[in-house]
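The values are calculated or read from the model by the stated rules, or taken from the named source; none is laboratory data. No experiment lies behind these values; they were computed from the predicted model shown. Heads up, the Cβs are rebuilt from the backbone with ideal geometry, glycines too, and the neighbour counts pull from every protein chain shown.
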Amino acid sequence: MTMGWKYGKPIKERLLILEEPGKFLPFDADRGLVEEVSAKFDIKGLAESLKGKDEKEARKALEELGKEVMKLTMELADTKYLDRTGEMVERVAKQTGISFPHRLESYVELSLLGLRPTDRWNIAKATTKELVLQVSACSMQKALGEAGVEGLPCKGFCFASFETAAEKTGDGIKIEMPKALPQDGVCEFHISV
Amino acid sequence: MCVWCERYADGYERWYFNPANYARRLYKIRKEEVEAAGAEANPQAAGGMSLLGRDFLEAKERNDIEAMERMRREAEEISWRTHFGQVITLDDALKIADIMYPIAVMTCACRRSMQGLPDEENFTCMGMGPGMYKWERWPDTYRGGVQFLTPEEAKEVLTKLNKRGLVHCIYTFGTPYIGGLCNCDYPDCGGIRTRIDHGVRVLWKGHQVAQVDPELCNGCAACIHRCQFRALSFAPTRNKAYIDPIQCFGCGLCALECDQEAITLVERSSLPALVEAW
């Protein structure tokens, strides 16, 4: 904003204007992305295959899955199913020089919607220093529980998928998990830079 | 404590310091049919301007207290649920710039309607939070475009606007989600006007109240023009500034103008007569 007027004037070079007023812009996640990610990975099948394995082994398998799910999500989100929210997140990051939290958050959200579209989750904090994600109903944790896999090896899935997204966005992140399902009623991830 | 702090502060000093009130999901799965834009698509919604119609003014003219009361109550109920504001100080506005992202300057719908200001000279409102990534969804509101800022740039803009005498107000968009930080004055601002002229609480008072120390006031009267709420007057016989505590919204504009430091802000909750006067 410039001085010299009672109210504000924008800096012309940085002003984003409506490109085609009234034109429909796809801000929400594309159903195609959800269908492709859901079709490619089978949570229940994986949970069954982990039956009888110890937590360490299960965790390793889930870490691999987390990486794969995020890689596919990002590839689809950036190409075939590019949406306007994602485009604007990138444009704003370019304009302000601030990547975190929303470049990472957009991939995290799309991967959640893609693999587990019926899960219940919430973004509790999204500042330039910290992103807090709460997952209160998780189909992965439920499938593992039903298959009799003990502990919470799926923590490895979430951590690995977030880290894979952070590698792409270039955010050096640290992840903490102060609350976990089922005992706390929620898995809470504190992702900070 | 204000009712919004009781409901939404979640351990923070004030409800608008709680980062959860600025956080929101970026995505939901796209519906098959094209969705209509929300209520916030109407630029006249700013400040509750669209909540009071001619019927309210007519009831006021014929002094129909009962009808006015009913319409006021209805307008407040809608406003508090969907879109209301609260006055904040510059210090609080600067703190907010660090707990949410992104932030963008945009044109003010109130000044557009009150002054007919051209868009390029009307960049005083701030849109905040993830909803701003979807600004193009509301072409009427954002017809002038937007300019995204870093938190440091936002603080600079807020400080400049404060120097020019504008009051900072936060606004909800689906309470408790806070999506706007407006920089307002009377009579341009629909929120201030609706509250001051018609007594409808679409804009809440701030958490503090300004007080003058008559010993320190030198009678320069520099503070007088800063008040947007008709709270500040000048006692010519005593040659001192006077602040009506009932009328004060606690924006702090007067205090920042006083180089004698004769005006200070005190917590509303520390004054028994004002503790419920929001």
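Run down A:T79, A:T85, A:T96 and say which single residue is free of Cβ contacts under 8 Å to residues at least 60 places away in the same chain and more than 10 Å from chain B (Cβ to nearest Cβ). I'd like the intermediate steps shown before the answer.
Numbers: A:T85 fails: more than 10 Å from chain B (Cβ to nearest Cβ); A:T96 fails: more than 10 Å from chain B (Cβ to nearest Cβ).
Matching residue, one of A:T79, A:T85, A:T96: A:T79.
Looking only at residues that are under 17 Å from A:E176 (Cβ atoms) and among the polar types (S, T, N, Q) in the stretch A:123-134, which one is nearest to the other protein chains (Cβ to nearest Cβ)? It would help to see each step written out before you state the result.
Just the residues of the stretch A:123-134 that are under 17 Å from A:E176 (Cβ atoms), to begin with: A:123-127, A:129-134.
The next check asks that each one be among the polar types (S, T, N, Q); those that pass are A:127, A:134.
Details: A:T127: 5, A:Q134: 10 Å.
Looking at the filtered set, the residue picked out is A:T127.
Considering each of A:M177, A:M140 in turn, give the residue that is aliphatic (A, V, I, L, M) and closer than 17 Å to A:V69 by Cα.
Details: A:M177 fails: closer than 17 Å to A:V69 by Cα.
Testing whether each residue is aliphatic (A, V, I, L, M) and closer than 17 Å to A:V69 by Cα leaves just A:M140.
In the set B:D188, B:D213, which member is under 24 Å from B:K60 (Cβ atoms) and not β-branched (V, I, T)?
Working: B:D213 fails: under 24 Å from B:K60 (Cβ atoms).
Going through B:D188, B:D213 in turn, the sole match is B:D188.
I'm trying to understand the selection: among the residues of the stretch B:1-52, which are at pLDDT 95 or above and at positive phi?
B:D10, B:G11
Given (1) surrounded by 14 or more Cβ atoms within 10 Å (Cβ to Cβ); (2) within 27 Å of B:C108 (Cα to Cα); (3) among the small types (G, A, S), where does A:G66 come up short, assuming only one miss?
A:G66 satisfies all of (1) surrounded by 14 or more Cβ atoms within 10 Å (Cβ to Cβ); (2) within 27 Å of B:C108 (Cα to Cα); (3) among the small types (G, A, S) except (2).
Just wondering, is there one or more residues in the stretch A:39-54 that are more than 15 Å from the chain's Cα centre (by Cα) and on the phi > 0 side of the Ramachandran plot? Please lay out each step first, then the result.
Going through the stretch A:39-54, the residues more than 15 Å from the chain's Cα centre (by Cα) turn out to be A:39-54.
With on the phi > 0 side of the Ramachandran plot added as a condition, the list becomes A:52.
The answer is yes; a qualifying residue exists.
Condition first: surrounded by fewer than 16 Cβ atoms within 10 Å (Cβ to Cβ), among the polar types (S, T, N, Q), more than 9 Å from chain B (Cβ to nearest Cβ) and under 21 Å from A:C158 (Cα atoms). Can you find one or more residues in the stretch A:41-53 that meet it?
Within the stretch A:41-53, one or more residues are surrounded by fewer than 16 Cβ atoms within 10 Å (Cβ to Cβ), among the polar types (S, T, N, Q), more than 9 Å from chain B (Cβ to nearest Cβ) and under 21 Å from A:C158 (Cα atoms).
Could you tell me whether the stretch B:161-179 includes any residue that is closer than 30 Å to A:P26 by Cβ, at the interface with another protein chain (Cβ under 10 Å from one of its Cβ atoms), of a type outside the set (S, T, Y) and more than 14 Å from the chain's Cα centre (by Cα)?
There is no residue in the stretch B:161-179 that is closer than 30 Å to A:P26 by Cβ, at the interface with another protein chain (Cβ under 10 Å from one of its Cβ atoms), of a type outside the set (S, T, Y) and more than 14 Å from the chain's Cα centre (by Cα).
Could you tell me whether the stretch B:214-230 includes any residue that is surrounded by 14 or more Cβ atoms within 10 Å (Cβ to Cβ) and closer than 30 Å to B:A67 by Cα?
Scanning the stretch B:214-230 turns up at least one residue that is surrounded by 14 or more Cβ atoms within 10 Å (Cβ to Cβ) and closer than 30 Å to B:A67 by Cα.
Based on this model, can you work out whether B:Q211 counts as assigned to a strand (DSSP E or B) and within 14 Å of chain A (Cβ to nearest Cβ)?
Numbers: assigned to a strand (DSSP E or B): yes; within 14 Å of chain A (Cβ to nearest Cβ): no.
No.
Examine the stretch B:132-146 for a residue that is facing chain A (nearest Cβ under 7 Å), touching a Lys or Arg at 6+ places or on another chain (Cβ under 6 Å) and within 27 Å of B:Y27 (Cα to Cα), and state whether such a residue exists.
no
Take the residues of the stretch B:78-119 that are in contact with a Leu (Cβ under 6 Å, 6 or more places away or on another chain) and part of a strand (DSSP E or B): which is surrounded by the fewest Cβ atoms within 10 Å (Cβ to Cβ)?
B:I103
How many residues does the stretch B:120-144 hold that are assigned to a loop (DSSP other than H, G, I, E, B) and modelled with pLDDT under 95? Explain how you work it out, then say what you get.
Initially, the stretch B:120-144 is screened for residues assigned to a loop (DSSP other than H, G, I, E, B), giving B:122, B:129, B:138-144.
Next, only the ones that are modelled with pLDDT under 95 stay: B:122, B:138-144.
Selection size over the stretch B:120-144: 8.
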